[in-house]
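> Questions regarding the structure given below will be posed in turn.
Coordinate-derived values only; no laboratory data. In this text, all values refer to a predicted model and were calculated from it rather than measured experimentally. All Cβ positions, glycine included, derive from the backbone under ideal geometry; neighbour counts span all protein chains shown.
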Amino acid sequence: MIFLNARRLFSFAIVPLAFFLIASSVNAETRDEQLTRLFTELHDAPSKEVAAQIESRIQNLWLKSKSDTTDLLMQRAAMAIANQDYPVAIEMLDRVITREPDFAEGWNRRATVFFLMEDFNRSISDIAETLKREPRHFGALSGLGFILLMRGDTAHARETYEKVLAIYPLMESARLTIEKIDKEKGETSL
């Protein structure tokens, strides 16, 4: 009798647990699925405020690597950037890229540091690596557009900002930059 009660108790505990595990695995989205859904929502966002919230969620996913160690290195790099200690930031980000070469945000952050150091060629190179891994990276595209503008390459800068708007139609800075380029050229803006 005790054996039957224990068995019955065990089945009452296991069945809900099994249901929970099955349901959670069916409902769980992978990181890539989450990003795909969020990019669709970003593209179709009804307002700048909603788009900004979605942008924040995308950026949070981009920042999460596959490793706690990499995440710690990214945090240390962020602190070094905030303190304008760019050599330390580069050292941390070099480690990130060595540990996880497919982690797009490691490349993007290093591109940002190179930009802040006014090493635009290396920044562009890292932006290219970022975009190989995450072609929808509107931040990297915006950075590239800005560098192209600084270099006087307005035609390619405009094309780059158009790519940004194809991903993130409500990104005000990209829209305003295109309008400014068009105004300077005497063309009609978007």
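> Which loop GluC sites (Glu not before Pro) in region 48-152, with loop taken from DSSP, have no more than 12 other Cβ atoms within 10 angstrom of their Cβ?
Answer in residue order: 118.
> Could I ask something else about it? Where a ≥ b ≥ c are the square roots of the eigenvalues of the C-alpha gyration tensor, would you call region 97-175 rounded, which needs a/c under 1.5, or, failing that, prolate if a/b is larger than b/c, or oblate?
Oblate shape, in that a/c is at least 1.5 and b/c is the bigger or equal ratio.
> Excluding same-chain residues fewer than 8 positions from residue 48, which aspartates and glutamates have a Cα within less than 13 Å of its Cα?
172
> Enumerate the lysines that residue 66 could reach by cross-link, defined here as Cα to Cα under 25 Å, with residues fewer than 8 away along the same chain left out.
Output for residue 66: 132.
> Could you name the aspartates and glutamates in cross-link range of residue 185, using Cα to Cα under 15 Å and dropping any fewer than eight places away on the same chain?
153, 159
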